[in-house]
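Data block below; observations after.
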Number of protein chains: 2
Amino acid sequence: MIEPFDDSYFMRKALQEAELAYEKGEVPVGAVIVVDNKIIARGHNLTETLNDVTAHAEMQAITAGANFLGGKYLKDCTLYVTLEPCQMCAGALYWSQISRIVYGARDLERGCINLKTKLHPKTKLEGDVLAEEAGALLKRFFITRRNLN
Amino acid sequence: MIEPFDDSYFMRKALQEAELAYEKGEVPVGAVIVVDNKIIARGHNLTETLNDVTAHAEMQAITAGANFLGGKYLKDCTLYVTLEPCQMCAGALYWSQISRIVYGARDLERGCINLKTKLHPKTKLEGDVLAEEAGALLKRFFITRRNLN
């Protein structure tokens, strides 16, 4: 049987969110939250648009997901995010007790893995899903921005 | 010369915010952001009211402060918060490049010090200002809640 709803499928949806950020001149990171193969929340980075360092893709998806579920814990949820979460977002995911986090590209400098941010014992962290696509979009953004300055 | 605007003065303002959280049945943590002896932002924990794990006192103060300043960096700002920031809030403060963080009570289990959350090189972290008052309020909250259950 073909399974259309695999990790790549949902990471593509997160990449579509990242593209929306890109079009707004934002660092292109996108996220979706999934329960039972259904997307319940979407978010993309809006730190420049909102003048707010807390407006990362994951933070908005966490808030939207909890709003959809009517409770603050993201039980049985998977977050797909195109870039490895930072300390802030991983810290928020800790509080949410989310079941699973799947990231695209690694962030060696500011990501939660190398900075050793504590995740909730209920949370599984996996990565490198469509990492090349996610990384290429970020690279394209930073090259374009450098050429504009 | 008497200096009325010392750290205790602003921590009392943060404690007033914590009292507002307490009255709403929220874990009583409050925060204010100060520039040049002026409070530019206030926040108290609203995670239960908003059903949102990201609604910590500091997060709301960071968003409000950036909104007031019209820019996302909290340059020359001091955050006063009644409880040592968690990973999420310290991670947000990292992005904000805030100049100074002053906390009240320590949080040995979930605070940023023992969990080694990285702060921005521009940020100074100080603590134990009115720690007893801040801790007593938290204790009172958890004792009352335990007796209700």
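The values are calculated or read from the model by the stated rules, or taken from the named source; none is laboratory data. Computed from a prediction, not measured in an experiment: that's the story for all the values here. As a convention, Cβ positions derive from the backbone with ideal geometry for all residues, glycine included, and neighbour counts pool all protein chains shown. Keep in mind that these areas ignore ligands, DNA and RNA; they rest on the heavy atoms of the full protein, side chains included. Shrake-Rupley method; radii C 1.70, N 1.55, O 1.52, S 1.80 Å.
Structure above, values below:
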quantity	calculated
Given (1) without any contact (Cβ under 8 Å) to a residue 60 or more places away in the chain; (2) closer than 20 Å to A:ILE33 by Cα, index of the condition A:THR117 fails	(2)
Cβ pairs under 8 Å, 6+ apart, first in the stretch B:127-149 and closer than 15 Å to B:VAL29 by Cα, second open to solvent by less than 100 Å² (accessible area, probe 1.4 Å) and of a type in the set (D, E, K, R)	B:GLY127/B:GLU84; B:GLY127/B:ARG106; B:ASP128/B:ARG106; B:VAL129/B:ASP7; B:ALA131/B:ARG106; B:LEU137/B:GLU19
Scan of the stretch B:24-69 for residues that are among the hydrophobic types (A, V, I, L, M, F, W, C), in a loop (DSSP other than H, G, I, E, B) and open to solvent by less than 10 Å² (accessible area, probe 1.4 Å), ordered by number	B:VAL53, B:ALA55
Some residue of the stretch B:112-129 being closer than 16 Å to B:GLU17 by Cβ, more than 14 Å from chain A (Cβ to nearest Cβ) and either in contact with an Asp or Glu (Cβ under 9 Å, 6 or more places away or on another chain) or not aromatic (Phe, Trp, Tyr) (or both)	yes
Failed item in (1) more than 27 Å from B:ASN67 (Cα to Cα); (2) at the interface with chain B (Cβ under 9 Å from one of its Cβ atoms); (3) of a type in the set (Val, Ile, Thr), with A:VAL34 passing the rest	(2)
Filter result (in contact (Cβ under 8 Å) with a residue 40 or more places away in the chain and open to solvent by 50 Å² or more (accessible area, probe 1.4 Å)) within the stretch B:1-12	B:ARG12
Residue satisfying condition, being open to solvent by 30 Å² or more (accessible area, probe 1.4 Å), at pLDDT 95 or above and closer than 25 Å to B:ASP52 by Cβ, within set B:LYS118, B:LYS124	B:LYS118
Pick from the stretch B:40-79, criterion among the charged types (D, E, K, R) and touching a helix residue (DSSP H, G or I) at 6+ places or on another chain (Cβ under 6 Å), ranking: farthest from B:GLN97 (Cα to Cα)	B:ASP52
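A quick yes/no check of all residues on (1) β-branched (Val, Ile, Thr); (2) part of a strand (DSSP E or B); (3) buried (at least 16 other Cβ atoms within 10 Å of the Cβ):
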site	(1), (2), (3)
B:VAL81	yes, yes, yes
B:GLY91	no, no, yes
B:TRP95	no, no, yes
B:ILE98	yes, no, yes
B:LEU108	no, no, no
B:GLU133	no, no, yes
B:LEU138	no, no, yes
B:PHE141	no, no, yes
B:THR144	yes, no, no
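Results for (1) basic (Lys, Arg); (2) over 23 Å from A:ALA136 (Cβ atoms); (3) out of contact with any strand residue (DSSP E or B) (no Cβ under 8 Å at 6 or more places or on another chain), shown as yes or no for each residue.
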residue	(1), (2), (3)
A:PHE5	no, yes, yes
A:LEU15	no, no, no
A:LYS38	yes, yes, yes
A:LEU46	no, no, yes
A:LEU69	no, yes, no
